[in-house]
Structure formats: C-alpha cells, structure tokens
Amino acid sequence: IEEKDNYLIVRTFSHFTNSENMELRALMNNGNIVLIRISIDSLNNNIELFNTISSIILLIGLCIGIYLSWFLCKKISNPIKELTDISEKMIKFDFDSKYQFHANNEIDILGKNFNSLSEELNKTLSELKDANIQLEKDIEEKIKIDEFRKDFISKLEIALKEANETGYWLELLY
C-alpha cells in the first residue's frame, strides 16, 4: 500500500485466521525489524463502534442543546409574559399586581419600573377620585346656595310686590 525507505505497509491474507490483515513492517535504526499486524475486520469493527458511539454522543449533545435552548427561552419569556399580564391588568385599572423579581437583569429593571408606574398611577387615580368627590361636594353646596338664592329672591320679590301694593315699603324707607 505504501513504501518508504525504512517501512512498508502491505495488505495480506491469513489462511490460518481466514481474514485480511494490514501489516506494518519497519526497519529500526539499530537494525531490528518491527512487524505490526491488525485484522481489517477488527479495524472495521472498531470504526463501526467509533461511529456508533459518536452518533450516540451527538444525539445526547443534541438533546442537551435542545433542552438548554428550551430552558433559556422559558427563562426569558416567562418574565416577559408576567410583564404583559401586569400591563393588561393596568389597562383595566387593576394596580394590585406587582412584578416578582427573578434575576438582576434588564427585564427585572423593566419590572421594577412597571411596579413604580403602577404605584404612581394608583396614587394619582386615588387623588383624582378624592378630588372628584370634593368637586361633587362643592357642586352640591353651590346648588344649595343657588337654590337658597333663588328662593330668597323669589320671596323678596313677593314681599316687594305686596309692599308696593299696600304702600308699606314707603314706611320702611322713613
């Protein structure tokens, strides 16, 4: 198969084992001869075993890679889903839901900002409700004063008409 100055690789057939072999014949510097023989069937079996083990390792690695990808996707997408749920509740004026921190990353910073925004919106909405209640009280008071004024003017108008008809108002002036 291959021959150089100090070694030779040949393919042989052994009638004793009834198998094909590969031999390395080499002449060493000290004059000794080295003969290495390996069965091609054994070599093919070893290659087949190597290919099988490599395939199994590759499949295991692929499964581990898929699991790690799934795990990382969940680790990223779950906090985002939680923020989405919180924002949908905030749209409906439900400010009780708060983001639960998972790690110290950008998503948690966004969650902290959502919590702050929720608290501020809740506080502002509460202040607006209080102001609205006070405004309703002020309007009711104004309506009462306006009704009292109308009632007073109408009674005064009646009294002046009666005084005019009777001449009593002249006496009030003097």
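Quick one: Cα centre-to-centre distance for region 64-87 and region 1-59, in angstrom? That distance is 53 Å.
Determine by what factor the alpha-carbon radius of gyration of region 39-98 differs from 2.2 N^0.38 Å, reporting the quotient.
Against the empirical 2.2 N^0.38 Å value, I get 2.36 for region 39-98.
With the convex hull constructed from alpha-carbon coordinates only, the chain shows a mean projected area of 26.4 nm² over all directions. Based on protein heavy atoms only, region 51-172 ends up with 84 Å² per residue of surface accessible to a 1.4 Å probe. Remark: region 100-111, residue by residue, has Karplus-estimated 3J(HN,Hα) of 9, 6, 10, 8, 9, 9, 5, 5, 5, 5, 4, x Hz, where x stands for each Gly or Pro and the curve is 6.51 cos²θ - 1.76 cosθ + 1.60 at θ = phi - 60°. To the nearest 0.05, how large is the calculated FRET efficiency for Glu23 and Asn44 if R₀ is 22 Å and r is the Cβ-Cβ distance? Taking R0 as 22 Å, the efficiency between Glu23 and Asn44 is 0.85. Available extension along the chain between Leu59 and Ser87 is 5.9 nm, counting 0.36 nm per residue and deducting the alpha carbon span.
The C-alpha radius of gyration of region 12-51, expressed as a fraction of 2.2 N^0.38 Å, stands at 1.47. Dividing the summed helix terms, -39500 (n - 2.57) for each DSSP H run of n ≥ 4, by the number of residues in the chain produces a 222 nm estimate of -25500 deg cm²/dmol to the nearest 500. Ligands, DNA and RNA aside, Cys63 has an accessible area near 90 Å² when probed at 1.4 Å.
The values are calculated or read from the model by the stated rules, or taken from the named source; none is laboratory data. Because the structure is predicted, anything quoted here is derived from the model rather than measured. Virtual Cβ from ideal backbone geometry, glycine too; neighbours counted across all protein chains shown. Protein only, heavy atoms only, side chains kept; ligands, DNA and RNA dropped before computing areas. Shrake-Rupley method; radii C 1.70, N 1.55, O 1.52, S 1.80 Å.
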